[in-house]
Amino acid sequence: MAEMSPSKALEITQNPSKYTVQERKDAKKVLADYAPTAGEGGKDSRGQKLSKGGDVTVLSIGVGKMKKKDAKKLAKAQMAEGGMAYGKKHMYAAGGSVTMNPGLKALKAKSPEAFNKITGN
């Protein structure tokens, strides 16, 4: 058997009807040597322990372009202004609004001193 690459072995296993029985056996052997599963010793080609099912950690980094309007959709949600209450500006992630408590409004009209004591204004 000539030295078979893992990509060629994968091609053979994906289209077995095009290849001989011996070629299929060789391809399976190459793939088994290249990436053993957890049942076959539980270690990868570098000797590191595989998790159950033969999974290994993979890191993938991609670079690409997208339209500006699409990128804005993916951006983190900005805080929206919710209004003024008690002399302070309020911000909300969902864009809600802040209003003064109706009871405090009535208290402010009746007794501004008590209102200031409660709200700290």
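The values are calculated or read from the model by the stated rules, or taken from the named source; none is laboratory data. Predicted model only: the values in this text are computed from it and were never measured. Positions of Cβ are backbone-derived with ideal geometry, glycine not excepted, and every protein chain shown enters the neighbour counts. Keep in mind that these areas ignore ligands, DNA and RNA; they rest on the heavy atoms of the full protein, side chains included. Shrake-Rupley method; radii C 1.70, N 1.55, O 1.52, S 1.80 Å.
To the nearest 0.05, how large is the calculated FRET efficiency for Lys73 and Leu10 if R₀ is 25 Å and r is the Cβ-Cβ distance?
Efficiency, rounded to the nearest 0.05: 0.10.
Provide the FRET efficiency to the nearest 0.05 for the Thr119-Leu59 pair, computing r from the beta carbons and using R0 = 35 Å.
0.05
Where does each of Ile118, Ile61 land when they are ordered by accessible area, with a 1.4 Å probe and the largest first?
Most to least solvent-accessible, the answer reads Ile61, Ile118.
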